[in-house]
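Q: Encoded as C-alpha cells, here's the structure I'll be asking about.
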Amino acid sequence: MPVQSPSAPAIARAQLLTTAQRRVLWAVAGISVFTNLLMLTGPIFMLQIYDRVLSSQSEATLVVLTALVAFLYLIFGFLDHARARIAGRLGAQLQDRLDRPLFSAALHRGQPPQTNAPNPAQDLAFVQQISAAPVFMAVFDFPWVPLFILVIAILHPLLGLVALCAALLLAGLGMLSIARSRPLVAASHAANRASDDLGQQITCEIGQIDALGMRENLLARWQALRAGALRRALAMQDDAGRFGTSAKTLRLFLQSAILASGAWLVLQAQLTPGGMIAASIILGRALAPLDQLIGNWPQLQAARTALGRIQTLNAAQPEPEPAHHRAKPSGQLAVSGVSLRIMNAQAGPQTLLRGVSFELRPGQALGVIGPTGAGKSTLAEVLAGVQLPTSGEVRLGNRPYLHFARKDLGQALGYLPQHVTLFSGTVFENIARLDPDAPADKVIAAARTAGVHELIQSLPLGYETSLGATGARLSAGQVQRIGLARALYDDPALLILDEPNAHLDDIGCRALNSAIRATKNRGGSVVIVAHRPSAISECDLLLKLDRGTVTALGPTDEILRDVTRSPAETATHAPQRAAQSFPWEWRGARAQS
C-alpha cells in the first residue's frame, strides 16, 4: 500500500513554531553570541590591569580601560535583558497562538475533563514560564563552553587541559543527575496526580460521602496518598539538591584548581599574574551554564515532556471546518441502523445501541422509554451529536450529521441533557448559549416558550442575574427550566429532551408540555427520553428500548397499551399504573417494598 504524504495543513499543524517565531529564536541565539563574547570583558580587563596598567603606572590607560569596560558592560546588560524579554515573549506568543487550537483538539479527542493530568493550557503556561527563566538562557550559553576553554588554552595549553577536564567532570555529573532524576520525577508526578484525583472526587461528592458516613475513611486514604506524594517530592528535591550542591562545590574547587595551576605557571615564569586571574574567571564563566543546567534539570525535563505532549496534540488537530452558512434544516429526522459500541476499561467492549432506526416528520414528537440501562440517554447523546455512532447514520433535514459543521449542527439542535449545567455568566447569556450578539427578543421568546420568563424576572437582577460559583443559587427545577429555555433558543429544528421533568413541579410540567406543543406547531421535531408517562403526553410516537435494541415503535396509545399490559396484574389497577409510571418502575418499587 503506498504511503500517503501528509498534507500541507497537517505539516503546518505539526510545527509548533511559525517561520517568524523561528526567526525570533534565531535572533535570541544571535544575541547570545554577543552576550557570551562580552562575558570576556572582565577577564580581559583583569589581564590588562595586571599586565599593562600596573607595569606602566599609567593612570590615563586605567581611566580609558575603565570607561571602555563600563560601556561594554552596559551593552551586555542591555543585550542580556533584551534576549530574556524576547524569549519570554516568544513563549507568550506560542501560548497565545496554540491555547485555543490545542484545547479544541483535546476536546475533539474526548479527553475526560475530570482528569488531573496536565492539560494543554497547563503545558503551554509552563513552557512560557520556562522560556523566560534563566535556565533557558543557559541552553543558549552552553554551546559557548568550548570557546571559553579555547581562550584559556590560548593563555596556556596546561590551563586549557585543566579547563577541559573540569568541563568534562561537570558534564559527567550532569549526565548522572539526568539519569537519576527521571524515575524520581515521574514517580513524584504520578503520586501527586493520584492524590489530586481523589481530592477532587471528595470535593465533588462530599454530600454523598457524608450521607454514607465515608468522610473519615476517605480523608484517611487521601492523607495517605498525600503523605506518599510528599515523600516522593522530598526524595526528588533531595536528589536534585544533592547534585546541585555537588556541581556547585565541584565548580568552585575547579576554579581554585585552575588558579593553583596558573600560580604554578607564574612561578615557572610561563604565565603572567593577569593571565592566572583571567583563566580562573573565564573557567567560572564557562562552567556556569553547566552548573545551572544540572541544578535546574528537572524543570527542563518537565518542559521537554510538556513540549512533547503539545507536539503530539498539535499534530492531531482536526482539519478546520469549512466556513459556510446554510439555511437551517427542517425538522425531518431519519435514524438508520444506528449502533454504538464502546470499549470499557474493566468490562471490555460494550454495545450500547443496536441497529436503532426510526423517522420523524416536522411537527412530530417521539417519546423514548425503557428500563434503566436500556440506552435511552445514549440515543439522546447520539441525536445531539455528543456521541458518534459506530455504524449507521443520522440525518436532519435530509442532510447527514457528518455533512454539518459542528457549529451549524449545534445551532440546528436544542438539547436538554439529564444533568443541566449553567455556565458562569448571566441568565441572559446562558439562554443565549453565550452568544455575545444574541438578540434580546430571541432570548425572551425562548424564556416565554419555556414558561420561565416570570421566574427570571423574579430573580434579583432579572435576566442580568449572575449564575455560576459566585452567582445566584437556583433550585434543580429552576436550573432545568432555564436549561429548557436555552435548548429552545433560536427555534431549533430538532429538540432533544433527556428526562426533562425530572425536577419539575406541576407548573413546570405544564410549561414543558406547552413548549413541546409550540415546537411541534412551528414545524420542529421533538425527541423526549422519559421515565414518567407525564413527559410523553405530547408525543405522537413512542419508541421502547431494551438493552440498546428497539422492541416497540408506533403511535403512543398503541405502545402504551402494550407496555402497561401485565398478566400478573389485574386490569382494575392498570389505568392508574399507566398514569403514574411505566410497568418496569412500579414492579421495581413493589419489589423494594
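Since every read-out is calculated from the coordinates, none of them should be taken as a lab result. All values reported here derive from a predicted model rather than from experimental measurement. All Cβ positions, even for glycine, are placed from backbone atoms using ideal geometry, and neighbour counts span all protein chains on display.
Q: I'd like the orientation of helix 19-38 relative to the chain: the angle between its Cα long axis and the longest Cα principal axis, in ° from 0 to 90, rounded to 10.
A: So the helix axis and the longest Cα principal axis differ by about 20 degrees.
Q: Here's another thing I want to ask about it. Tell me, what is the percent relative contact order of the range 8-315, built from C-alpha pairs under 8 Å that lie six or more residues apart?
A: The normalised contact order for the range 8-315 reaches 31 percent.
Q: Also, quick follow-up: Given H placed on each backbone N at 1.01 Å, which residues far from residue 391 in sequence or on other chains put an amide H within less than 5 Å of it?
A: Close amide H contacts, sequence-distant or interchain: 339.
Q: About its Cα centre, how strong a charge dipole does the chain have in debye, to the nearest 20, once Lys and Arg get +1 and Asp and Glu get -1 at the Cβ?
A: 760
Q: Give me a comma-separated list of calculated 3J(HN,Hα) values for the range 48-63, in order, Karplus coefficients 6.51, -1.76, 1.60 applied at θ = phi - 60°, integers in Hz, x for any Gly or Pro.
A: With coefficients 6.51, -1.76 and 1.60, one gets 5, 5, 6, 9, 10, 5, 5, 6, 8, 6, 9, 6, 5, 4, 4, 5 Hz.
Q: On a 24 Å Cα-Cα criterion, which of the cross-link pairs 520/544; 442/520; 376/520; 328/520; 328/544 come out too long?
A: Distance filter (> 24 Å) returns 328/544.
Q: Now a separate question. As a footprinting exposure proxy, order 356, 479 by other Cβ within 10 Å, with the fewest listed first.
A: Exposure proxy ranking, most exposed first: 479, 356.
Q: Going toward the positive end of the dipole of the chain, with +1 on Lys and Arg Cβ and -1 on Asp and Glu Cβ, which of 343, 401, 559 do you reach last?
A: Checking the options against the dipole of the chain, the answer is 343.
Q: Using Cα centres only, tell me the gap between the range 137-204 and the range 25-87 in whole Å.
A: Between the Cα centre of the range 137-204 and that of the range 25-87, the gap is 28 Å.
Q: If you don't mind, another one. Could I get the Rg over Rh figure for the range 36-185? Both from C-alpha atoms, Rh via Kirkwood, rounded to two places.
A: Here the Rg-to-Rh quotient is 1.17.
Q: Something else about it: With +1 on each Lys and Arg Cβ and -1 on each Asp and Glu Cβ, and nothing else charged, work out how big the dipole of the range 408-531 is about its Cα centre, in Debye to the nearest 20.
A: Around 280 debye, computed over the range 408-531.
Q: With Cβ to Cβ distances under 13 Å as the rule, what net charge do the other residues near residue 147 carry (K, R +1; D, E -1)?
A: So the environment of residue 147 carries a net charge of 0.
Q: Tell me, what HN-Hα J-couplings in whole Hz come from the Karplus equation 6.51 cos²θ - 1.76 cosθ + 1.60 at θ = phi - 60° for each residue of the range 253-260, using x for Gly and Pro?
A: Once rounded to whole Hz, the list reads 5, 5, 5, 5, 5, 6, 5, 5.
Q: Could you tell me which of 146, 217, 290 has its Cα farthest along the dipole of the range 8-315 towards the positive end, charges placed at Cβ (Lys, Arg +1; Asp, Glu -1), taken about the Cα centre?
A: Looking along the dipole axis, the top candidate is 217.
Q: What list of ³J(HN,Hα) values in whole Hz, one per residue of the range 330-341 in order, does the Karplus curve 6.51 cos²θ - 1.76 cosθ + 1.60 (θ = phi - 60°) give from phi, with Gly and Pro shown as x?
A: Values, residue by residue: 6, x, 5, 10, 10, 10, 10, x, 7, 10, 9, 10 Hz.
Q: At q = 0.05, 0.06, 0.09 Å⁻¹, what log₁₀ I(q)/I(0) does a Debye calculation on the Cα points of the chain give, no solvent, two decimals?
A: So the normalised log intensities work out to -0.40, -0.54, -0.90.
Q: What relative contact order, as a whole-number percentage, does the chain give when Cα pairs under 8 Å and 6 or more residues apart are counted?
A: 14
Q: For a footprinting-style exposure proxy, rank 419, 156 by other Cβ within 10 Å, fewest first.
A: If I rank by nearby Cβ atoms, fewest first, I get 419, 156.
Q: Here is a follow-up. Using modelled amide H (1.01 Å from N, peptide plane; none on Pro or chain starts), what sits under 5 Å from the amide H of residue 549, excluding residues fewer than 5 places away?
A: Hits under the 5 Å cutoff: 354.
Q: Turning to a different aspect of this structure: Amide H neighbours of residue 526 under 5 Å, counting only residues 5+ apart in sequence or on other chains, H built in-plane at 1.01 Å?
A: So residue 526 has HN proximity to 364, 365, 366, 495.
Q: Pop a pseudo-label 7 angstrom from the Cα along the beta-carbon direction at both residue 230 and residue 201 and give the gap in nm to one decimal.
A: Each label point lies 7 Å from its Cα, and together they span 2.2 nm.
Q: Separate question: For the range 521-559 and the range 394-449, what is the separation of their C-alpha centers, rounded to whole Å?
A: Using only Cα atoms, the two centres lie 23 Å from each other.
Q: May I pose another question? Please determine, in degrees from 0 to 90 and to the nearest 10, the orientation of helix 583-592 with respect to the longest principal axis defined by the Cα atoms of the chain, where the helix direction is its Cα long axis.
A: Roughly 80 degrees, rounded to the nearest 10.
Q: Next question. How do 505, 435 line up, fewest other C-beta atoms within 10 Å first?
A: Ranked by crowding around the Cβ, least crowded first: 505, 435.
Q: Sticking with this one: Mind checking which of 195, 310, 167 is farthest towards the positive end of the chain's charge dipole, using Cβ charges of +1 (Lys, Arg) and -1 (Asp, Glu) about the Cα centre?
A: 167
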